[in-house]
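All of the numbers you see were taken from the coordinates with simple rules; none came from a lab. None of these values were measured; they are calculated from a predicted model. Backbone-built Cβ (ideal geometry, glycine too); neighbour counts: all protein chains shown.
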Amino acid sequence: MSAREPSRRMRAARLLAAACALTLVAGCGTKEDMTGKPNAEGLIPIRVAGFEGINSATPLFVAKKQGFFKEAGLDVTYISLSSGAAAVAAAIKVKEIDVGLGAASQWISDAARGAIQGKIIGEFTDNNYVILGGNGITDVRQLEGKIFAISAHNGGDHMYSQAVLKRFGVPADKVTWLPMGEPASRLSALTAGKVDATELPLTNLPAAARDKVILTPDNTPVPFVSNAIFARQGLIDANRDAVKKFVAAIGRASDWIRAHPAEAVPACRESGSSEAGCKTAIEVALAAKNGYTWSSTSKVNTAAIETMLPIVGTVVPQAAKMKVSDIVDASIAGQ
């Protein structure tokens, strides 16, 4: 073998790699897009992702554990992404997952910016947010000039809280918004007196912190879909029937939880939530009276979505121009 032979091989490999990156070349190992197609077992694979501790999505874990997805001809797999909503959206964009779980405001924002393509096809929780106040704060109107802990700037909790404060006459620029990550971190900061207020999902609220609630979901002036189910457009187009069966299985699981709340705790633990957190989430969700939280159909509160579009539009202007049908496929859940 000549000394020049390895370099020729390397050049050939580089050329093949470049060709594979640009087009479909025989021998490149390109995989057929199997979205919406049955696997070797005859089941339709659906890959789902959410964030760590997403106990508000308990019906999904119950549907998996009880075999409801498999009975519907689906092979549902779930992964938890610790980086949160941004990581889930990125995975949807590159087709690594088919369905994302997270705040409806995040899906509206990402879709409006063109970062992802798809639709909200269902929801887990509706008006699931509470606002908590620190020592001496008993009314939202007292938050002017105060420090408010949020998960991140322009996150779902930030947008919701700004909209609520505005309704109570407190301008957003009169509050210091402090990004602090997950609910547990924000609650710890509030308890320690480092911040004056925060927003938490009711399903993540420990019993010991309930006396700090200054605005409940029942009294909010801002309707908001909390945890929504977003499907990649490629999956919807490839197999709409499978997507309908997926949502229906989740609705079936919601009904099962109502009949077996204690037995649902082990499935909830698959979310990464603690046993105490799961018990709280189940208790709170089953007590909800809005007709959308853990409903029998997983239907979407389209009226709330319509309210949310201009709110998200204050951060992402494209969202203000959207119609509900641009972001929600209401036919999936049979609405």
Query - Volume per residue that the Cα convex hull of region 129-219 spans, once the total is divided by residue count, Å³ - result: 84 Å³
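Relative contact order of region 129-219, please, whole-number percent, based on alpha carbon pairs below 8 angstrom and at least 6 residues apart. Write down the numbers at each step before the final one.
On the way: 152 pairs, mean separation 44.7, N = 91.
Computed over region 129-219, the figure is 49 percent.
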Query raised in the report: Per 10 Å bin from zero, what fraction in whole % of the C-alpha pairs of the chain is there, up to the bin with the longest pair?
Result: 6, 25, 31, 20, 9, 5, 3, 1, 0
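If contacts are Cα pairs under 8 angstrom and at least 6 residues apart, what is the relative contact order of the chain in percent?
Values: 623 pairs, mean separation 85.3, N = 335.
This gives 25 percent for the chain.
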Query raised in the report: Where does the chain land at 222 nm, in deg cm²/dmol rounded to the nearest 500, when only DSSP H runs of n ≥ 4 count, each adding -39500 (n - 2.57), divided by all residues?
Result: -11000 deg cm²/dmol
Query raised in the report: Any idea what angle helix 240-259 forms with the longest principal axis of the chain, computed on alpha-carbon atoms, 0 to 90 degrees, nearest 10?
Result: 40 degrees
**Report entry** Helix 275-287 axis, angle to the chain major axis (alpha carbon atoms, nearest 10°)
**Finding:** 70 degrees
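Taking Rh as the Kirkwood radius computed over C-alpha pairs, what is the Stokes-Einstein D of region 193-335 at 10 °C in a medium of viscosity 1.306 mPa s, expressed in µm² per second? It would help to have the intermediate numbers written out before the result.
Numbers: Rh = 17.3 Å.
Translational D for this selection: 92 µm²/s.
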Report task. Calculate the length of the line joining the C-alpha centroid of region 115-141 to that of region 50-67, in whole Å. Result -> 19 Å
Query - Environment charge of residue 180, counting only residues whose C-beta is closer than 13 Å and scoring Lys/Arg +1, Asp/Glu -1 - result: -2
Report task. Quick one: angle between helix 5-22 and the longest Cα principal axis of the chain, in degrees between 0 and 90, rounded to 10, please. Result -> 50 degrees
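Quick one: order 220, 176, 307 by neighbouring beta-carbon count within 10 Å, fewest to most.
On the way: 220 18, 176 12, 307 15.
Fewest to most other Cβ atoms nearby, the residues stand as 176, 307, 220.
Would you work out the relative contact order for region 81-235, in percent, from Cα pairs under 8 angstrom that are 6 or more residues apart? List each step's numbers first, then the result.
Working: 278 pairs, mean separation 63.7, N = 155.
Reported as a whole number, the value is 41 percent.
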